[in-house]
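Since the structure comes first, as structure tokens, the remarks are kept for the end.
Read-outs: derived from the displayed coordinates by stated rules, not from any lab. On a predicted model such as this, the values are computed, not experimentally measured, just so you know. Heads up, the Cβs are rebuilt from the backbone with ideal geometry, glycines too, and the neighbour counts pull from every protein chain shown.
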Amino acid sequence: MSKKKPWYIENPDSYNTLRREVENIFPELSFVERVGEVCIEGDLHILDNSGKVLYRFSIRVKLSEQSPRGLPTVWETGGRIPWERERHMNPHDGSACIYLPEEFWYENPNGISISEFIRGPLTGFLINQILIDKSENHKWLKGEWDHGENGIIEFYAEHLGTSEPNNILRCLTMLRKKDTKEIKGHWLCPCGSGHKLRDCHRLNINELHKRIPSEVTEASHTKLKRAVQELRNSH
């Protein structure tokens, strides 16, 4: 089966409309088209209440291939933010950890436009970075998840009441199903209570399935399964 083309190739009219909208709202940003990707690059200004520019960040925002309202990938390209996990930056490639994918889709089941993303989550992320530079004791606004597989465990633990990795894997196995009808009520609940799903966290599972795309749960299942296997092999 051939790979599905990115939405901006399949729907050039929607792409051009989006491009005009973003460049009108953020005149310091422009679209850059490369082979296999479309990025938004330039300076993003952090303004005070009067509209005065307080800070400038050089950024690159790679559009999601799946949807114009999907979660983009972001890099700060001016070297202002160190590539450290504590700063929510991926030390391997410098990408910004603005959202845990599950968190993004749970909060925004229909996604958000790229303009909303830049104005909201991205700007908030950069403001947090400014505040951290000013104070070592600054707490991340809106809370924060851990990194990698630990962040995945934390997210699902909040919805299932268990942080046991194998239980989270069972939950993700259910969420990978294409339809909730494939998730049977007589199955044991993945929370580890020993109760049947219909008598325990069925509503939670249904809500997670409704909000989070299967490709996200598939990726998390792969990442967590690999981490669990590596832990077993180390003992």
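Descriptive notes on the structure:
- Dimensionless Rg over Rh [segment 7-134; C-alpha; Kirkwood]: 0.95
- The distance linking segment 11-52 with segment 180-211 is 42 Å (Cα centroid to Cα centroid, whole angstrom).
- Value of [θ]222 nm, deg cm²/dmol, for the chain, DSSP H segments ≥ 4, -39500 (n - 2.57) each, nearest 500: -12000 deg cm²/dmol
- Qualifying aspartates and glutamates (Cα of each under 13 Å from Cα of K178; at least 8 residues distant if same chain): E215, E218
- Across segment 47-158, the relative contact order, built from alpha-carbon pairs under 8 Å that are at least six residues apart, equals 19 percent.
- Ignoring the sites themselves, the chain has its longest run without chymotrypsin sites (Phe, Trp or Tyr not before Pro) in a DSSP loop having at most 16 other Cβ atoms within 10 Å at 1-82.
- Within the chain, DSSP assigns beta bridges of which about 100% are antiparallel (rounded to the nearest 5).
- Surrounding net charge for F117, when Lys and Arg each add one and Asp and Glu each subtract one, Cβ distance under 13 Å: 0
- Think of the chain as having a plus end and a minus end, set by charges on the Cβ of Lys, Arg, Asp and Glu; of L122, P6, I59, P6 sits farthest toward the positive end of this dipole.
- Charges were assigned to the Cβ only: +1 to each Lys and Arg, -1 to each Asp and Glu. The resulting dipole of the chain about its Cα centre is roughly 820 debye.
- Excluding the site residues themselves, the longest part of the chain lacking any GluC sites (Glu not before Pro) in a DSSP loop with at most 11 other Cβ atoms within 10 Å is 137-235.
- Three principal axis lengths of segment 76-115 [C-alpha, angstrom, descending]: 32, 20, 13
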